[in-house]
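The structure under discussion appears below in the form of structure tokens.
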Amino acid sequence: MTTSSAVRKATIRPADRIFSTSTVVAGSLILVALAAVAIFLVAQSIPAFVADPATLPTAPSSFWAYVGPLLFGTVWAAALALLLAMPVALGIALFISHYAPRRVAQTLGYVIDLLAAVPSVVFGLWGIKVLAPAVTPLYAWLTDNLGWIPLFTPPASGTGRTILTVGIVLAVMILPIITAICREVFLQTPVLHEEAALALGATRWEMIQMAVLPFGRPGIISAAMLGLGRALGETMVVAMVLSPAIVVSFVLTGSVNPNTIAGNIALSFPEAHDIGVNTLIATGLILFVITLVINSIARIIVNRRKAFSGAN
């Protein structure tokens with residue numbers, strides 16, 4: 001026993017030891033960075049939590065009365081983006097992986113990857129100059145014909161710069177992320193599973209339902225959570241498209257829209273001072289916690305799916 005241990009120790013080369021140590025250090029850096037960010041946010045947020053509400057921006061009744069509408073706007077805009085982007089991303093990923101010819105699939109995949117590299121400020125400009133004017137007649141039609149639905153309560157926005165416009169732009173921004181991950185997951189589906197489904201007489205769509213989608217479900221969930229995380233933290237699009245407001249409103253086509261935490265920080269931080277800075281950092285802490293919780297839930301779901309698949 002002692003001899004074998006000595007032999008194993010003798011065979012460890014210095015290069016192996018250096019590489020092993022460097023990987024451990026590199027892996028630990030992300031934990032150190034995360035802890036440093038968390039400590040900074042908590043330390044800078046405490047003054048806002050204990051301060052007199054009258055000294056906070058807009059003089060709310062409490063800190064939570066100030067952050068509540070911003071939290072609502074953040075979740076509302078991100079949920080709209082995910083709801084709009086997810087079906088389209090799944091359709092594109094399935095088309096690339098199982099329907100398109102090889103050359104078309106390669107070209108479309110390249111375009112999708114290229115779209116992910118477009119800066120967010122470009123999407124913001126596109127939302128203001130192109131999308132908002134284009135959807136203004138649609139918003140007017142929705143309020144005129146479907147105004148009895150709370151989501152389309154009149155009057156409609158005359159500029160098209162609404163929370164729904166923000167949701168559409170955010171959906172376009174997170175579309176490449178979700179599509180790229182889903183595409184790679186679908187391509188990893190075991191060929192034997194697909195051939196077995198087809199051999200049993202299933203159509204291509206039935207084969208996708210029976211073999212591809214169940215196999216890729218953990219990856220789909222991970223892709224959705226990554227897209228949601230980017231939508232939650234997006235700053236420039238919200239700041240450029242929406243006018244700053246701290247309200248709670250479900251109306252998608254109105255001129256008064258809720259703001260998001262990231263957008264409020266971007267718009268208010270240059271003019272903030274003293275307790276105002278701590279208040280904005282405290283809202284950033286709330287966003288940090290939300291993102292951490294969402295990603296943790298997604299990881300738990302994915303692990304349970306993998307455990308369930310392994311048990312079967």
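Looking at L142, L175, can you tell me which residue is under 16 Å from the mean Cα position of the chain (by Cα) and aliphatic (A, V, I, L, M)? So that I can check it myself, show each step before the final result.
Details: L142 fails: under 16 Å from the mean Cα position of the chain (by Cα).
Selected residue: L175, the only one of L142, L175 that is under 16 Å from the mean Cα position of the chain (by Cα) and aliphatic (A, V, I, L, M).
Check off (1) open to solvent by 70 Å² or more (accessible area, probe 1.4 Å); (2) farther than 20 Å from L242 by Cα for G201 and give me the number that stays unchecked.
Single failed check for G201: (1).
Would it be correct to say that I149 is within 24 Å of A78 (Cα to Cα) and surrounded by fewer than 14 Cβ atoms within 10 Å (Cβ to Cβ)?
Yes; evaluated as a whole, the condition is true for this residue.
Can you list the helices (runs of 4 or more DSSP H) found entirely within segment 206-282 that contain at least 2 residues being open to solvent by 20 Å² or more (accessible area, probe 1.4 Å) and touching a residue at least 40 places away in the same chain (Cβ under 8 Å)?
Values: elements: 213-233, 236-241, 261-268.
Counting at least 2 such residues, we get 213-233, 236-241.
For segment 21-72, give me the residue count where each residue is over 13 Å from N278 (Cα atoms), modelled with pLDDT under 85 and of a type in the set (S, T, N, Q).
The number of residues fulfilling the criteria is 3.
Within segment 102-139, how many residues are within 26 Å of the chain's Cα centre (by Cα), farther than 24 Å from A239 by Cβ and open to solvent by 70 Å² or more (accessible area, probe 1.4 Å)?
Residues meeting the conditions: 6.
Just to be sure before I move on: is N303 surrounded by fewer than 22 Cβ atoms within 10 Å (Cβ to Cβ), within 16 Å of the chain's Cα centre (by Cα), of a type outside the set (S, T, Y) and more than 28 Å from P53 (Cβ to Cβ) in the structure I sent? Quick ask: steps written out before the conclusion?
On the way: surrounded by fewer than 22 Cβ atoms within 10 Å (Cβ to Cβ): yes; within 16 Å of the chain's Cα centre (by Cα): no; of a type outside the set (S, T, Y): yes; more than 28 Å from P53 (Cβ to Cβ): yes.
Here the answer is no, as N303 does not meet what is asked.
Applying the selection to segment 172-195, what residues are over 21 Å from P218 (Cα atoms) and either open to solvent by less than 50 Å² (accessible area, probe 1.4 Å) or in contact (Cβ under 8 Å) with a residue 40 or more places away in the chain (or both)?
First, pick out the residues of segment 172-195 that are over 21 Å from P218 (Cα atoms): 172-173, 195.
Answer for segment 172-195, where residues must be over 21 Å from P218 (Cα atoms) and either open to solvent by less than 50 Å² (accessible area, probe 1.4 Å) or in contact (Cβ under 8 Å) with a residue 40 or more places away in the chain (or both): V172, M173.
Here are some conditions: (1) closer than 26 Å to T162 by Cα; (2) hydrophobic (A, V, I, L, M, F, W, C); (3) assigned to a helix (DSSP H, G or I). A36 meets all but one. Which one does it not meet?
With (1) closer than 26 Å to T162 by Cα; (2) hydrophobic (A, V, I, L, M, F, W, C); (3) assigned to a helix (DSSP H, G or I) applied to A36, the lone miss is (1).
The values are calculated or read from the model by the stated rules, or taken from the named source; none is laboratory data. Bear in mind the structure is a predicted one, so any value in this text is a computation, not a measurement. Cβ coordinates were reconstructed from backbone atoms using ideal geometry, including for glycine residues, and neighbour counts include every protein chain displayed. Remember, those area values only see protein heavy atoms, side chains included, never the ligands or the DNA or RNA. Shrake-Rupley method; radii C 1.70, N 1.55, O 1.52, S 1.80 Å.
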